[in-house]
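*Asks:* Below you will find the structure I want to go over with you.
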Amino acid sequence: MLNQAMQTLVKNHSMGYYATVSPDGMPCVAPKGMSLVLDDNTLMFGEVRSPGTLQNLRHNPNVEVNFLDVLQRKALRARGQAEILDAGSSAFVQLHPNFSQWGDLAGRIKHIVKINLTQAKLITSPAYDLGADEEELEKHWKAHYANL
């Protein structure tokens with residue numbers, strides 16, 4: 001499901017924007033900075049201080065997440081069902097070392113949320129339809145952000 005381009009996008013841009021639904025039916029989007037690809041069919045994030053997201057997922061495990069490469073104007077949209085792994089559980093202990101790249105912050109992870117994917121799609125900017133390529137877009141947007 002997650003091809004190499006999608007996995008690279010998540011690796012390079014690990015801030016995922018996770019959409020859940022509150023118990024009263026309201027959409028909720030929250031950024032999660034410690035997101036990883038576990039395998040071709042699974043994403044996960046380390047939960048540090050997201051009580052609302054956890055409450056929503058316990059009520060309704062359906063989730064959608066977007067990862068965005070702002071320079072190349074590409075995104076990954078993935079959907080699936082969340083599984084919350086509590087600190088101290090054998091699954092948590094097994095997966096926690098994957099978060100070591102975040103140093104001391106990884107020690108604050110209270111839960112690992114695994115997303116068992118049902119859909120994944122790479123989304124590109126309409127600029128590609130007009131003939132733009134990755135290098136051109138990256139150059140343009142780097143210059144844009146350098147001038148802010």
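*Asks:* Using the structure shown, decide if V10 is β-branched (V, I, T) and open to solvent by 40 Å² or more (accessible area, probe 1.4 Å).
*Replies:* Values: β-branched (V, I, T): yes; open to solvent by 40 Å² or more (accessible area, probe 1.4 Å): no.
For V10, the condition - β-branched (V, I, T) and open to solvent by 40 Å² or more (accessible area, probe 1.4 Å) - is not met.
*Asks:* Can you confirm whether segment 17-40 contains a residue that is aromatic (F, W, Y) and surrounded by fewer than 20 Cβ atoms within 10 Å (Cβ to Cβ)? Step through it out loud before you land on a result.
*Replies:* The first filter runs over segment 17-40 and keeps only residues aromatic (F, W, Y), leaving 17-18.
Next, from what is left, pick out any that are surrounded by fewer than 20 Cβ atoms within 10 Å (Cβ to Cβ): 17.
Yes, some residue in segment 17-40 is aromatic (F, W, Y) and surrounded by fewer than 20 Cβ atoms within 10 Å (Cβ to Cβ).
*Asks:* Limited to segment 94-148, what total is found for residues that are more than 20 Å from G33 (Cα to Cα), in a helix (DSSP H, G or I), open to solvent by 40 Å² or more (accessible area, probe 1.4 Å) and among the small types (G, A, S)?
*Replies:* Result for segment 94-148: 2.
*Asks:* Right, another one. Kindly list, by first and then second residue, each pair from a residue in segment 86-107 that is hydroxyl-bearing (S, T, Y) to a residue that is assigned to a helix (DSSP H, G or I), limited to pairs with Cβ atoms under 7 Å and residues at least 6 apart or on different chains.
*Replies:* From segment 86-107, the pairs are S100/A106.
*Asks:* Among L122, L117, which is modelled with pLDDT of 95 or more, out of contact with any helix residue (DSSP H, G or I) (no Cβ under 7 Å at 6 or more places or on another chain) and within 18 Å of Y17 (Cβ to Cβ)? Can you show your working first?
*Replies:* Working: L122 fails: out of contact with any helix residue (DSSP H, G or I) (no Cβ under 7 Å at 6 or more places or on another chain).
Criteria check complete, one pass: L117.
*Asks:* Being outside any helix (DSSP H, G or I) and surrounded by 16 or more Cβ atoms within 10 Å (Cβ to Cβ) is the filter here; which residues of segment 41-54 pass it?
*Replies:* Within segment 41-54, T42, L43, M44, F45, G46, E47, V48, S50 qualify.
The values are calculated or read from the model by the stated rules, or taken from the named source; none is laboratory data. Computed from a predicted model, the values in this text were never measured in an experiment. All Cβ positions, glycine included, derive from the backbone under ideal geometry; neighbour counts span all protein chains shown. Keep in mind that these areas ignore ligands, DNA and RNA; they rest on the heavy atoms of the full protein, side chains included. Shrake-Rupley method; radii C 1.70, N 1.55, O 1.52, S 1.80 Å.
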